[in-house]
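Novice: Got a structure for you, questions after.
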Amino acid sequence: MPIVTIEGIGPVEAELGRKLVNVIEGAGVDILHRCGGRPACTTCMVKVKAGDVSPMEAAEEEALEEPELIETCRLSCQIRVASDLTVEVIHTVTNSGKDGAGPTVTE
């Protein structure tokens, strides 16, 4: 099983092919995912610090919009875990002031 290391939390085992947002949430991080994984809102944004992820598709690039974000961030709802990763979570319920994470992101 791949290991996902979440900055500030530590390493967790991840089921191969599982969406990264669900791995992060399953590790107890209150990551935002307000659009339920469409991708539209960018609230599940992460920085991939180490490891390989699939190339960004057009819908994700369109959602991120800004060239700086496209270069440095990914939407965790669009990444299926295929190898060991180290990530930094950008938006959480706690640091956003929102009343909940958002709709469940289906696998």
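Novice: Is there a residue in region 67-88 that is out of contact with any helix residue (DSSP H, G or I) (no Cβ under 6 Å at 6 or more places or on another chain), free of Cβ contacts under 8 Å to residues at least 24 places away in the same chain and within 19 Å of Ile9 (Cα to Cα)?
Specialist: No, region 67-88 contains no residue that is out of contact with any helix residue (DSSP H, G or I) (no Cβ under 6 Å at 6 or more places or on another chain), free of Cβ contacts under 8 Å to residues at least 24 places away in the same chain and within 19 Å of Ile9 (Cα to Cα).
Novice: Right, here's the next one. With the condition being small (Gly, Ala, Ser) and more than 21 Å from Thr5 (Cβ to Cβ), I'd like the helices (runs of 4 or more DSSP H) fully within region 46-107 carrying at least 2 qualifying residues.
Specialist: 58-64
Novice: A further question on this structure: Which residues, taken from region 24-44, are within 17 Å of Cys73 (Cα to Cα), of a type in the set (A, V, I, L, M, F, W, C) and in contact with a strand residue (DSSP E or B) (Cβ under 6 Å, 6 or more places away or on another chain)?
Specialist: Once the filter is applied, which keeps residues that are within 17 Å of Cys73 (Cα to Cα), of a type in the set (A, V, I, L, M, F, W, C) and in contact with a strand residue (DSSP E or B) (Cβ under 6 Å, 6 or more places away or on another chain), region 24-44 yields Ile24, Ile31, Cys44.
Novice: Taking region 1-46 as the region of interest, how many residues are within 13 Å of the chain's Cα centre (by Cα) and loosely packed, with under 14 Cβ neighbours inside 10 Å?
Specialist: 1
Novice: Could you give me the residue pairs with C-beta distances under 6 Å whose first residue belongs to region 1-17 and is over 19 Å from Ile90 (Cα atoms) and in contact (Cβ under 8 Å) with a residue 12 or more places away in the chain, whose second residue is of a type outside the set (A, V, I, L, M, F, W, C) and in a strand (DSSP E or B) wherever it lies, and which are 6+ apart or on separate chains?
Specialist: Here the result reads Met1/Glu13; Ile3/Pro11; Gly17/Arg80, each pair linking region 1-17 to a residue that is of a type outside the set (A, V, I, L, M, F, W, C) and in a strand (DSSP E or B).
Novice: Okay, moving on. Return the residues of region 70-89 that are within 10 Å of the chain's Cα centre (by Cα) and surrounded by fewer than 18 Cβ atoms within 10 Å (Cβ to Cβ); say none if nothing qualifies.
Specialist: Arg80, Glu88
Novice: Could you give me the residue pairs with C-beta distances under 6 Å whose first residue belongs to region 34-56 and is more than 16 Å from Gly97 (Cα to Cα), whose second residue is among the hydrophobic types (A, V, I, L, M, F, W, C) and exposed (fewer than 14 other Cβ atoms within 10 Å of the Cβ) wherever it lies, and which are 6+ apart or on separate chains?
Specialist: Between residues of region 34-56 that are more than 16 Å from Gly97 (Cα to Cα) and residues that are among the hydrophobic types (A, V, I, L, M, F, W, C) and exposed (fewer than 14 other Cβ atoms within 10 Å of the Cβ), the close pairs are Pro39/Ala59.
Here, each number is a calculation from the coordinates, and none is a lab measurement. Just so you know, these numbers come straight off a predicted model, no measurement behind them. Every residue, glycine among them, receives a Cβ derived from its backbone with ideal geometry; neighbour counts consider all protein chains shown.
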